[in-house]
Amino acid sequence: MAVILIADDDETVRGLIVKIVRLSGHETMEARNGLEAVALFRSYPDSIDLIVIDLKMPVMDGHEAIRLIRESRPNAHILCVSGYSDDEVPSGAAFLAKPFTVEQVRTRVNEALAAHVL
């Protein structure tokens, strides 16, 4: 079982990802924006196995949040979610395009976790 931090400003999207991840047997933490994601990560830096983060959010976007998270843990495993092109995905991060299916979320989360020895 992994601990996955899910950051998305859209409550419906965030809730759907949380539900899929929990039904897959993992624990979740939720953030409504990048600032909350960074604060949660800094509070539990050794507990979070994967960060699933939207790139476009108010308060602090995913790019800035990823930069700050990687200052603390450069090898943090990150799955970026966006309705835009994967051209904007930071180096070393995986990508999940919106809209997505339940199976696509499961597959991308499992791939990201497989790349990370738990």
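Below are the figures for this structure:
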item	result
Overall form of segment 62-114 per C-alpha gyration tensor (a/c, 1.5; a/b vs b/c)	oblate
Percentage relative contact order, segment 3-114, counting C-alpha pairs under 8 Å, at least six apart	24
Phi-based couplings in Hz for segment 67-74 (Karplus 6.51, -1.76, 1.60; Gly and Pro marked x)	4, 5, 5, 6, 5, 7, 9, x
Calculated Rg and Dmax of the chain using C-alpha coordinates, Å	12.4, 32
Peptides ranked, highest mean first, by Cβ atoms within 10 Å: ranges 25-38, 95-108, 65-78	25-38, 65-78, 95-108
Ranked list, fewest to most other Cβ atoms within 10 Å of each Cβ, for 16, 55, 5	16, 55, 5
Unit charges on C-beta of K, R, D, E only; dipole of the chain, Debye	220
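Readers should treat all values here as calculations from the given coordinates under stated rules, not as data from a laboratory. If you're wondering where the values come from, they're calculated on a predicted model, not measured in any experiment. Methodologically, a virtual Cβ is constructed for each residue, glycine included, from the backbone with ideal geometry; neighbour enumeration extends over all protein chains shown.
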